[in-house]
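Take a look at the structure below.
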Amino acid sequence: MSNHPSNFNTVRAQTANNGKGKSKSPCILGCLGATAIVLGLLVVAGIVYFGSTQSSTSVVLIREPAENATLHTSEAVTLRALARDDQKVKQVELWVNDILVYYENSDIPGGISPFPLITSWTPSQPGVYTISARSTNNKDKQSVSQVSITVLGNVDTDGDQIPDHVDQCPEQAGTEEGQGCMDRDFDGIPDEVDACPDAAGLPEDGCPAPSENDRDGDGFLDDIDSCPDEAGSPTADGCIDSDGDGYADSEDECPDEPGLDGACPSTADTDGPFDEDGDGVMDSDDACPSTAGSTANAGCPDMAGVLPPPPTPEDDDDPPGDGGIFEELLPEPDPVEKAVVPIEIEAYSMYIRNEYETVTCYLQINDIYDSPPRRFEFESNGTQRWDIAAQLDGENSIHTVADDELPLNISLECIGHNGDATETLVDAVVSHPSSEWDGQPQRLITETNEFSVDYHICTPNCEESDMATPYFYAITMGPRGEGPYIAHWEWDGNEEEIDGFMIAQVQPFDTPTLIQLNYPEARSVDIADIEPVCGETIELVVRAFRYNDDGTITVSRHSNSQVWTSREACRHTAMITFQNLDVHNPPGDEDGLHIVGPLEGYFYVSNGSDIRSLSFDGIWRSPNGYYHDGLKLRGGTYSIQSIFDWINREMASCLGNGCHSNSYRAPSNDFIVITYDQREDLIVGGDITDDDTGRNDDDTFFSGQTTVVIEDIESGRPQWVTVEGEFANLQVIIQILPED
């Protein structure tokens, strides 16, 4: 768990040359101003001190479920955690009580931060459970958090297999269509408010609307209705289908239990418990029903000896060390003589993720003079990375004196402005002991990584203590944008004072060195080995460095950055299932009936450059055009697959050229598979036409589409999307298929 004091929980500092005993220092300077070297600027109130020291950031949070949440057995629970660590996170685990239910390791050497983890778990027994999340960073330091939840048993008073907490009629057995209430005709209208409880009807009163050509009013005209005198289901050719499995009761071996091909349900569902993973623990008692485990672990894998049990928060290890990309190369510095010394504080770059028209920063330092607050104004340069020197005409330093027996505390508050709207970007106090006044790069960065500022503190001044900074040229490429990929830079310093150059990545904080050249004369290198993968963009900087006699390493400020974007976008695959058509308040069609049809139409999905569709036609048209027949729908919810199946059954049952269904057509499946890249979103929609006779014009019964932002969909987890229409809503399931 993080050891940040309660008043310092929004920022962390990164120091390039700290030893393991040093504390991190963030700091100020995202804000130094054009009038920095001159006399003090306006004294501005509102600077908030958060404390004088800071520990490194190491935290793992449980996002779901919430503390003291109440759930029920057999309901899938989403377990979601997020770990952050300055040292990067290499593994995150999720435990339920003492059972490991899921874990992931970083695919990137050295780990990542932040590290999200999500899975699901279904409790099989009531009780109080402890959910634990544990993260391990690349120094094998661990953080842990816990929440307690209560799982209640599924009470089913009326025995209708619908738990009381979702049953609208908990003391009377009912159906799913009736939300737990009795609904004998399966029209979605509970019997207690259904004027015709034994005949599927319309939402107004639950009764059919008969007509001259449809005397039972079930939406199937008499000449194609297998049961013209009893209102039935559109999926059972107009006959009664009590269990809703698509087969008329007269042809169904088990008319009250849904089965396949008119048969009774599978014996696997009725003869006894089911064991999906085959581990001997029945699913009803298996905490990990899809993963083979052991009886001792409630059906989950036995990870004893592989991963230790989660520690409690009180026993959690100390947080990771201070960080910094060169930490392992830096032992404790030698003690310095205490004295009042001149110092220079210089800021050279500021990163702000979001866009603002202007940014106002207030800065105060506790030097010998206890300098008053200073105010600096920055205008947007149209990028996320703000060059402080350019913004302030090169005046981006403060010269003063300080007592090196005391740490130098720097207070910084920056506020972003967009019109009249304002947002606090950072509000913190950071502390730098005299050992950090050696010109090495420092960084203040907020917990959300949305704001950072790079600076250094020098004595007596940065010109004498700082190595020259490299200038980084644009990365050059070979013919047709292919390799070799060459990074070029220039450096005006003394080559005898350095040992080489380093290339590191910025996103927006430095990662460990990608390339190290132990050649002071080097000014270019082929960087093909670190070419970004498909869809990736990396930002690179160059530093000069030298080894010190005591084994430490000193580095220059990083250069300007160069952005390198992959030439190719990654291709992914999505499956779009057109699930249901929810018909609501159908218009009064021919003969004044609220039944639409016959129908034809199509459903489609597009990635912007490619479009794929599923077309269907359930219409028979008479030669003179004055009599049409076929697929008709009344109010209710229909699965798209059942509509396709009905059309295909009608086609298969047709014999001879005179059959009406000779003109029908429909696909066999209700889904589309399409590829896309991360730059593309998906457009999903459909159009359905109500094809009327010569007496009426054709109507557009349904037409609509929606844009699905792929970034909002988690891979492997289906997401429901609804396309709304005037008379019907189309329900679609989007699923990103896992990569091979």
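The values are calculated or read from the model by the stated rules, or taken from the named source; none is laboratory data. This structure is a prediction, so every number in the text was calculated from the model and none was measured. Every residue, glycine as well, gets a Cβ built from its backbone with ideal geometry; the counts of neighbours run over all protein chains shown.
Elements of the type strands (runs of 3 or more DSSP E) sitting completely within the range 113-174 and holding at least 1 residues that are free of Cβ contacts under 8 Å to residues at least 24 places away in the same chain and surrounded by fewer than 19 Cβ atoms within 10 Å (Cβ to Cβ): these cover 127-137. Of the residues examined, Asn494 is one that is exposed (fewer than 14 other Cβ atoms within 10 Å of the Cβ) and modelled with pLDDT of 80 or more. I need the full set of residues from the range 394-422 which are over 13 Å from Ile365 (Cα atoms), acidic (Asp, Glu) and in contact (Cβ under 8 Å) with a residue 40 or more places away in the chain, in order please. Across the range 394-422, the qualifying residues are Glu395, Asp404, Glu405. The listed residues are Val605, Val555, and the only one of them that is touching a Lys or Arg at 6+ places or on another chain (Cβ under 7 Å) and under 17 Å from Gln440 (Cα atoms) turns out to be Val555. Could you tell me whether Val555 is surrounded by 13 or more Cβ atoms within 10 Å (Cβ to Cβ) and touching a Leu at 6+ places or on another chain (Cβ under 8 Å)? For Val555, the condition - surrounded by 13 or more Cβ atoms within 10 Å (Cβ to Cβ) and touching a Leu at 6+ places or on another chain (Cβ under 8 Å) - is not met. Looking across the range 481-491 at every residue that is outside any helix (DSSP H, G or I) and not acidic (Asp, Glu), the one that is modelled with the lowest pLDDT is identified as Gly483. Applying the criterion of being touching a strand residue (DSSP E or B) at 6+ places or on another chain (Cβ under 6 Å) and not charged (D, E, K, R) to the residues of the range 86-99, the residue that is nearest to Ala76 (Cα to Cα) is Val96. For the condition in a strand (DSSP E or B), of a type in the set (Val, Ile, Thr), surrounded by 19 or more Cβ atoms within 10 Å (Cβ to Cβ) and not assigned by TED's automatic domain parsing to the domain that holds Arg84, Ile410 qualifies.
Take the range 603-623 and flag every residue that is in contact (Cβ under 8 Å) with a residue 40 or more places away in the chain and either of a type in the set (S, T, N, Q) or assigned to a loop (DSSP other than H, G, I, E, B) (or both). Scanning the range 603-623 gives Ser606, Asn607, Gly608, Ser609, Asp610, Ser613, Ser615, Gly618. Would the range 371-384 turn up any residue that is modelled with pLDDT under 75 and farther than 27 Å from Gly551 by Cα? Yes, the conditions are met somewhere in the range 371-384. Filtering the range 542-551 to residues that are crowded, with 16+ Cβ neighbours inside 10 Å and either out of contact with any helix residue (DSSP H, G or I) (no Cβ under 7 Å at 6 or more places or on another chain) or free of Cβ contacts under 8 Å to residues at least 60 places away in the same chain (or both) leaves Val542, Arg543, Ala544, Phe545.
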